[in-house]
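Taking it in order: structure first as structure tokens, then the write-up.
Read-outs throughout are calculated quantities, based only on the coordinates presented, and are distinct from any laboratory measurement. Computed from a prediction, not measured in an experiment: that's the story for all the values here. Reconstructed Cβ throughout: ideal geometry from the backbone, glycine too, with neighbour counts over all protein chains shown.
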Amino acid sequence: MATSFSDSGATIWTRQFPEGRRGLRRAEIVRAALAVADEGGRHALTMQAVAARLGPVTPMALYRHVGSKDGLTDLMLDAAVAEVEVPDAPGADWRADLTGLAARTWQMIVRHPWWAELVHTRPPAGPHLMRRTEFMLAVLTGQGLPVSSAMTYAALLDRHLVGAGLQAAEEHRMRVKYGLEGPGDFVAAIKAMTDLADDAGCPLLRDWLTAPSGPSEDDSVALGVDCLLDGVAARLPGHQEAS
């Protein structure tokens, strides 16, 4: 049976927790959980690991503050987004507003790779997550878009950033799995792929693999943001009337 969002256990933001004993505070738990996930990835995140990080604390003591692992995940996701500077109001240049926010969000994802893997596993109900979304909506509705279209474009921008984060995380795991961690490893792998491309009748791919080139990961993400905003700009009311 599905759990209703309004149920007390659906999200930590709808629940109240008394202060626990032994001086343990929720903020300490969240900081410890962030450290565990940053160092070991999402699969290292267990209540036992967080308790061990805090010292002489039992996993059960954590539940009095966060309710469940889902509750802890909610807090972690929002705490990471709190690192992203969000202006109080849109500026004069809507593209600069969204480009800057996207860049700061990407920097956060790079610091916390697990964020992209977990953000869509929980309702986006944290206060910092909501404030960031509200800013994007304010920027886009300020350009004459209805809020429904603004939400669609804001979601497209976030999907690009989260997708890039997921790809980066998966590529890292693939490199570790196949021992592709040094320059020599990559040279051998690229040579093998070049031969496979040649056998498959893919001359353009073969030529690129012979001398791989392209933007850095950060520049590639920024290029994607720029392309998305070009599309948004073409759909703004003033642009559509002019065309």
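Figure legend: label point modelled 7 angstrom from the Cα of D207 along Cα→Cβ; residues of the stretch 176-199 with amide N under 18 Å from it are 194-199.
Using 0.36 nm times the number of residues separating I190 and R235, minus their current alpha carbon distance, what extension gain do you get? Before the final figure, lay out the partial values.
Numbers: separation 45, 0.36 × 45 = 16.20 nm, distance 4.09 nm.
Between I190 and R235, full extension yields 12.1 nm more.
Only one residue of S68, A79, L24 has its Cα farthest out toward the positive end of the dipole of the stretch 15-84, where Lys and Arg carry +1 and Asp and Glu -1 on Cβ, and that residue is L24. Taking max minus min of the alpha-carbon positions on each principal axis, the stretch 26-67 gives extents of 24, 17, 16 Å, largest first. Extension gain for the segment Y178 to H120, taken as residue separation times 0.36 nm less the Cα-Cα distance, is 18.1 nm to one decimal. Computing Rg and the Kirkwood Rh from the Cα coordinates of the stretch 99-167 gives a ratio, Rg/Rh, of 0.97. Stokes-Einstein, applied to the Kirkwood radius of the chain over Cα pairs at a viscosity of 1.002 mPa s and 20 °C, places its translational diffusion at 103 µm² s⁻¹.
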